[in-house]
1. Going through the stretch 118-170 one residue at a time, which ones are of a type in the set (Val, Ile, Thr) and assigned by TED's automatic domain parsing to the domain that holds Lys26?
2. Taking the options Leu5, Leu73, name whichever one is buried (at least 16 other Cβ atoms within 10 Å of the Cβ), assigned to a strand (DSSP E or B) and either modelled with pLDDT of 95 or more or of a type in the set (Lys, Arg) (or both).
3. For residues that are surrounded by 21 or more Cβ atoms within 10 Å (Cβ to Cβ), hydrophobic (A, V, I, L, M, F, W, C) and not in a loop (DSSP other than H, G, I, E, B), tally how many sit in the stretch 224-255.
4. It is to be established whether one or more residues within the stretch 35-49 are surrounded by fewer than 22 Cβ atoms within 10 Å (Cβ to Cβ), of a type in the set (A, V, I, L, M), more than 17 Å from the chain's Cα centre (by Cα) and not assigned by TED's automatic domain parsing to the domain that holds His168.
5. Tell me which residues, restricted to the stretch 127-170, are among the hydroxyl-bearing types (Ser, Thr, Tyr) and either in contact with a Lys or Arg (Cβ under 6 Å, 6 or more places away or on another chain) or loosely packed, with under 15 Cβ neighbours inside 10 Å (or both).
6. Which condition breaks for His251 when tested against (1) under 22 Å from Trp2 (Cβ atoms); (2) of a type outside the set (Gly, Ala, Ser); (3) within 19 Å of the chain's Cα centre (by Cα)?
7. Restricting to the stretch 101-120, name every residue that is within 22 Å of Ala139 (Cβ to Cβ), among the aliphatic types (A, V, I, L, M) and within 23 Å of the chain's Cα centre (by Cα).
8. Output the residues belonging to the stretch 28-70 that are touching a Gly at 6+ places or on another chain (Cβ under 8 Å) and in a helix (DSSP H, G or I).
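The values are calculated or read from the model by the stated rules, or taken from the named source; none is laboratory data. It should be emphasised that the depicted structure is a prediction, and the values quoted were computed from it without experimental measurement. Don't worry about glycine lacking a Cβ; one is built from the backbone with ideal geometry, like all the others, and counts go over all protein chains shown.
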Amino acid sequence: MWPQLRVADWTETRDTLHMWTQIVGKIRLAHAPLVNHWWQVTLYVSPRGLTTSAVPYHSGFFDIEFDFLDHLLRIRGSDGTDRSVALEPRPVADFYRETMHALGELGIETRIQAHPNEVDPAIPFDEDHQHASYDPSAAELFWRQLLQANRVLGEFRSHFAGKVSPVHFFWGAMDLACTRFSGRTAPPHPGGAPNCGDWVITEGYSRELSSCGFWPGGGEEGAFYSYAYPEPDGFADHPVLPAGAFYSPDHGQFLLPYEAVRTAADPDRTVAEFLQTTYEAAAEHGDWDRAALEEDPNRWQKHR
């Protein structure tokens, strides 16, 4: 259930896939209305890969899905039309041109900011011949990692009655995330992400938060992470579980290597302990109103 995928074994595929998800994410951004913290730009884990979900276009909708079983990018319109783009070894420039052409054939007029964000260098998509790798087995294994992470993060999300994000995939940093909010505003974030306007980061961090998730970095096989903004005094020194978790001053967050989860006797419980104790580090030291914000998701179970 928790597959092994060493980062070193698929770095080139990961970096190419990162650029492809940025292209698809920017297509969603071009058509979806703004939702606080940029929630309208994200992708979601699906039974076959990653999807935009339904995106509005004029009086209808379309969606785009990375299918990591058939290794196709599927574009489907609510009028019954569809197109597909092969997921195979190819430069980002070719993938970009074919994807935009497929949208044009479906009558979906789209203009995007045609270069990546949160990476350096930010090679324009139509000039990117550097990223051209695609290992279908690695892409499928990564999706299966996301399936498991999505499932446990979703369970964790259900215990919060306050404002909380969906479990969603941010293509900027290529991570699966879920964020809880205290209900209070936050000081303006200083920004600093490469090739990303500070105003973008200001919107993302406009409210006090505790965020957690999974991304394919930070360990030999990726890592679960958890951080707070603003980080309260005492956060980094708060005792957390499991034993393999630690606070990284370089990253400004708690990390739990994926390999520590995969090899644990109970991987689900291992991740759940990490998510809960690192959230408590933010909530306790940040003086959150936990009684008002937390809830038992099984409170109506006896009536079901």
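1. Restricting attention to the stretch 118-170, the residues satisfying the condition of being of a type in the set (Val, Ile, Thr) are 119, 123, 152, 164, 167.
Listed by number, the residues that qualify are Val119, Ile123.
2. Matching residue, one of Leu5, Leu73: Leu73.
3. 4
4. no
5. Step one: filter the stretch 127-170 for residues among the hydroxyl-bearing types (Ser, Thr, Tyr), giving 133-134, 137, 158, 165.
Within the stretch 127-170, Ser137, Ser158 qualify.
6. It is condition (1) that His251 fails.
7. Within the stretch 101-120, just Val119 meets the criteria.
8. Of everything in the stretch 28-70, those that are touching a Gly at 6+ places or on another chain (Cβ under 8 Å) and in a helix (DSSP H, G or I) turn out to be His37, Trp38, Val41.
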